Amino acid sequence: MKHFAALINALDSTTKTNEKLAALVRYLEVATPGDSLWAVALLTGKRPRRPVNTRLMREWAAELSGLPNWLFEESYFIVGDLAETVALVLPPAPDLQERSFTQRMEELGKLRKMEETAVKEYIQNAWMEMDRSERFVFNKLITGGFRIGVSQKLMVRALAKHLDVDENILAHRLMGDWSPTGQTFDELLLTEDPGDMRSKPYPFYLAYPLEQNPEELGPIEQWQVEWKWDGIRGQLIRRKAETYVWSRGEELVTDQYPELIELGSALPIDCVIDGEIMAFAKGRPLPFSALQKRLGRKTLSKAVLQASPVKLIAYDLLELEGRDLRETPLAERRNLLEKLIKDAPTDLLLLSTEVNATSWSELAAIREKSREKLAEGLMLKRRTSTYKVGRKRGDWWKWKVDPLAIDAVMIYAMRGHGRRANLYTDYTFAVWDGGELVPFAKAYSGLTDKEITEVDRYVKKNTIERFGPVRSVKPELVFEIGFEGIAESSRHKSGIALRFPRILRWRKDKPIDEANSLDDLKSMLNQFNAGGNATDSTQ
Amino acid sequence: MALLTFSESGIYCAKADFYIDPWRPVKRALITHAHADHSRYGMQQYLAHHHSVPVMKLRLGDISVEGIEYGEVIQIKGIDVSFHPAGHAPGSAQIRVADGSEIWVVSGDYKLVNDGLSAAFEPVSCTHFVTESTFGLPVFKWQEQEIVQQSINDWWATNKANGLNSVILGYSFGKAQRLMQMLNPEIGEIFLHGAIANTNEALESVGYSFPENERVTREIDKTRYKGAMIVAPPSALGSPWLRQFKPYQVGSASGWMALRGARRRRNVDRGFVLSDHADWDELNTAVAATGAEHIYVTHGYSTVFSKWLNSQGFKAQVVETEFEGELQEIGEAKSKEIETE
């Protein structure tokens, strides 16, 4: 496993994409096909279930290191990463043993079925056969999540370079729910028609946020403008009488949307549709929070299905009767999509209608009304554009409305993870409710490194109480918190929940009594819920 | 009353009216070593190991300072005072203060490993031991200096082969000199930031010598930096001064580099785990070797280390000071290391 450990180490010690790419290619050149397949799986987020309970792992590491549990836990708290803490505290290995990465993964795969004492023996022995960097990687294989900045796209680039196969083809072959034990490296990546392609989605084409003045995009007539809906981007596949639904996170989510299976059956011909899954009631789209109630549930109760039934707002047509349309210009794909929807005897499939404007300034005014439509803003797509792979500049832009914002007071702070393990980077914010500060949101991004260091110092100097990893701090710092949506929530003390809260800026100019109140948030909530009269634009 | 107490100005000996490493201006200050958080401005009189003297003068200007040898016992108002090697940096000392059977040792900053530069740490028996705890967690365990040395020189050679210059960051006093003597001059030329060159001159005045090197100045032909090693203080990171060495890779040598989080936050190309402070095992060894019953834990993971010592049968307590350990090297220190150019 030393090659894989070296790869992780190399990926971990640089922030430069080109160096990461070179490290991946170097690894693919020395690794066996079996090991490469595991590496591809793990680095693209395909992780087997956690084989060992982390609590046990902590106890076994403490025991082997001769440390009391409290001291191990304190160390973990400071380091911020369990895999790393274990690797650091263990005594040095008496003699190193090399086992292949594949063998280690197979062994880990068997642990779930073994008795606890046998698992303990296996893990403790394994630790004592490895050096620190290998131990760290081994522990990460158990605890999951490398967080070393390798995107699916980067992995695809490395494979394309190594195999000399086109990136798009490889991206397609890597999609779907394959597992490293299901086929060989060659079968997955080098077979022209790798088995049953029926369920395979296309990689999503993603837009960058619009950075320039829209006037610079040229005549508005060259652009197809749509609402940017706040649902779940999805791909509906209808092939050979089967329906599959994929989320943008490349998860097969068909089972979560029985309505879309019904939709699929109603389609007259085989096709692949890119669209937005949105909850609807009485012909109106519902806020994202309605859809959220369905997410991640194993079984959907009748009540949930009735409260927030979904429809698909179709953006694009990627395949028709087995023909890949991605190289066809958008305007033509659009015509085909319109015809398909007209011919489909179902009201579960809606066309994402065009937003018409004769000038960019007129469009800018329309964009201001996005929230009333329950949209996040506008999508701008060049009518001649092909359907590309991943996030690309140039032909597609998202032009979102500015986030909602509120000034809030920081009242708790927690240490970060990974890169920021010994800094207080995660904060809880509060607004006024009478004379009391009520927590309403957590946010951990939006500040510069310099500001984080400054806040960290403040936290350390102004701690009131410590609750495990959390500190309550003297309420003094005011931040502007931005968010995309707001919904009622019975789970939060404040009674509201925010969507994508983040720090917009540090309001050093504001004393805490000028922060906003819970009433301000509630009036935003009322405005937000009053939206949803968007049916006219979707049907 | 105890022989030493912990006051608002520093560690204080009331019977002899002196302070050790005070952080506020006092009449008489005994200084363990010349780093900025232990040796501060504004004392009327300083006493330090004579190797500390030129560095203190360089940094603090025209001060009234007396030098003392390791092991030399002097009496201050009837109290025995002596300095003993702490192994942390040139001239660094543990200060022993004795009044009959009550013996205190204030260790300042220390490490047990002999780095070949500073006089090696010597355990001093005492009844009360004041220890730092900069790296007082069991996750900190240093590798042997030879291994770190090898990896630094390998890194330098690889950079050179790739057409890159190397910049390595370490305190201008202590770490920089230790790094210099670890570098293999056969790989290429060694250049120094002015603050380090000045410190070297101060140390050379009391007999230290360093491998061949040159101070970075505007007059130097830039082509000479090709494949060279530039030794610079941590504050150089992100400064315009660094630009003249492009294209370069930058490495940081600090105990903090043992943690991925700190390494990544520091945003250097390479972190070398090299510290002038004791690691977990060294701290435990040092504490045990004193035979002291009472342990006072200062800067670092003081709460954890003190709790651990109590569980091991010592009477340990946390003492708040304004010492900072190695924070400078990850850009987190409050006190500014003085970089005189």
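The values are calculated or read from the model by the stated rules, or taken from the named source; none is laboratory data. What you see is a predicted model, and the numbers here were worked out from it, not measured in a lab. Cβ atoms come from the backbone with ideal geometry, glycine included; neighbour counts cover every protein chain shown.
Annotations for the structure displayed:
- Apart from one condition, B:P54 fits all of (1) on the phi < 0 side of the Ramachandran plot; (2) in a loop (DSSP other than H, G, I, E, B); the exception is (2).
- Checked against the criterion of being modelled with pLDDT of 95 or more, in a strand (DSSP E or B) and either of a type in the set (D, E, K, R) or assigned by TED's automatic domain parsing to the domain that holds B:K111 (or both), the range B:276-285 contains not a single residue that satisfies it.
- Failed item, numbered, when B:K57 is tested on (1) more than 18 Å from B:G10 (Cβ to Cβ); (2) touching a Cys at 6+ places or on another chain (Cβ under 8 Å); (3) among the basic types (K, R): (2)
- Residues located in the range A:94-112, provided they are surrounded by fewer than 17 Cβ atoms within 10 Å (Cβ to Cβ), touching a residue at least 40 places away in the same chain (Cβ under 8 Å) and in a loop (DSSP other than H, G, I, E, B): A:E98, A:R99
- Residues in the range A:291-306 that are at pLDDT 85 or above and surrounded by 12 or more Cβ atoms within 10 Å (Cβ to Cβ): A:L291, A:L305.
- Of all residues in the range B:249-264, those satisfying the criterion of being within 14 Å of chain A (Cβ to nearest Cβ), touching a residue at least 24 places away in the same chain (Cβ under 8 Å) and touching a Ser or Thr at 6+ places or on another chain (Cβ under 9 Å) are B:Q249, B:V250, B:G251, B:S254, B:G255, B:W256, B:A258, B:A262.
- Scope the range B:218-261; condition hydroxyl-bearing (S, T, Y) and either outside the structural domain of B:L183 (by TED's automatic domain parsing) or out of contact with any strand residue (DSSP E or B) (no Cβ under 7 Å at 6 or more places or on another chain) (or both); matching residues: B:T223, B:S235, B:S239, B:S254
- Positions within the range B:265-289 being touching a residue at least 12 places away in the same chain (Cβ under 8 Å) and more than 12 Å from every other protein chain (Cβ to nearest Cβ), in sequence order: B:L274, B:S275, B:D276, B:H277, B:A278, B:E282, B:L283, B:T285, B:A286, B:V287, B:A289
- Test: B:M180 is within 18 Å of the chain's Cα centre (by Cα), at pLDDT 95 or above and either assigned by TED's automatic domain parsing to the domain that holds B:H49 or crowded, with 19+ Cβ neighbours inside 10 Å (or both): yes
- Hits in the range A:319-352 - residues which are in a loop (DSSP other than H, G, I, E, B) and surrounded by 14 or more Cβ atoms within 10 Å (Cβ to Cβ): A:L325, A:R326, A:T328, A:P329, A:A344, A:T346, A:L348, A:S352
- Among residues of the range A:55-80, those that are over 16 Å from A:R104 (Cβ atoms) and crowded, with 16+ Cβ neighbours inside 10 Å, counted: 16
- Filter result for A:L380 (farther than 14 Å from A:V225 by Cα and in contact (Cβ under 8 Å) with a residue 60 or more places away in the chain): no
Residues are listed down the side, and each one gets a yes or a no for (1) in a helix (DSSP H, G or I); (2) in contact with a Gly (Cβ under 9 Å, 6 or more places away or on another chain); (3) within 14 Å of chain B (Cβ to nearest Cβ):
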site	(1), (2), (3)
A:H3	yes, no, no
A:N9	yes, no, yes
A:N18	yes, no, yes
A:L21	yes, no, no
A:L28	yes, no, no
A:K46	no, no, no
A:R55	yes, no, no
A:A62	yes, no, yes
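- Residue match in the range A:418-441 (condition: within 30 Å of A:I366 (Cβ to Cβ) and either touching a Gly at 6+ places or on another chain (Cβ under 9 Å) or more than 14 Å from every other protein chain (Cβ to nearest Cβ) (or both)): yes
- Test: A:S13 is hydroxyl-bearing (S, T, Y) and either at positive phi or at pLDDT 95 or above (or both): no
- Residues of the range A:141-156 satisfying the condition of being under 24 Å from A:L189 (Cβ atoms) and not small (G, A, S): A:L141, A:F146, A:I148, A:V150, A:Q152, A:K153, A:L154, A:M155, A:V156
- Scanning the range A:68-99 for residues that are within 8 Å of chain B (Cβ to nearest Cβ), farther than 15 Å from A:R55 by Cα and over 29 Å from the mean Cα position of the chain (by Cα) yields A:L88, A:V89.
- From the list A:R382, A:R391, the lone residue that is more than 30 Å from A:K522 (Cβ to Cβ), outside the structural domain of A:G80 (by TED's automatic domain parsing), of a type outside the set (A, V, I, L, M, F, W, C) and touching an Asp or Glu at 6+ places or on another chain (Cβ under 7 Å) is A:R382.
- Boolean, B:F173 is surrounded by 19 or more Cβ atoms within 10 Å (Cβ to Cβ) and in a strand (DSSP E or B): no
- Test: residue in the range A:271-282 that is closer than 27 Å to A:E488 by Cα, touching a residue at least 12 places away in the same chain (Cβ under 8 Å) and not in a strand (DSSP E or B): no
- The test for being over 25 Å from A:D402 (Cβ atoms) and basic (K, R) does not hold for A:K442.
- Some residue of the range B:114-125 being in contact with a His (Cβ under 7 Å, 6 or more places away or on another chain), surrounded by fewer than 19 Cβ atoms within 10 Å (Cβ to Cβ) and away from every other protein chain (no Cβ under 14 Å): yes
- Candidate set from the range B:189-247 (those that are part of a helix (DSSP H, G or I) and acidic (D, E)); member that is surrounded by the fewest Cβ atoms within 10 Å (Cβ to Cβ): B:E204
- Residues of the range A:113-156 satisfying the condition of being more than 24 Å from A:K46 (Cα to Cα) and surrounded by fewer than 16 Cβ atoms within 10 Å (Cβ to Cβ): A:E115, A:E116, A:T117, A:A118, A:E121, A:Q124, A:N125, A:D131
- With respect to the conditions (1) buried (at least 19 other Cβ atoms within 10 Å of the Cβ); (2) over 22 Å from A:E98 (Cβ atoms); (3) within 29 Å of the chain's Cα centre (by Cα); (4) among the aliphatic types (A, V, I, L, M), A:V25 lacks only one, and its number is (1).
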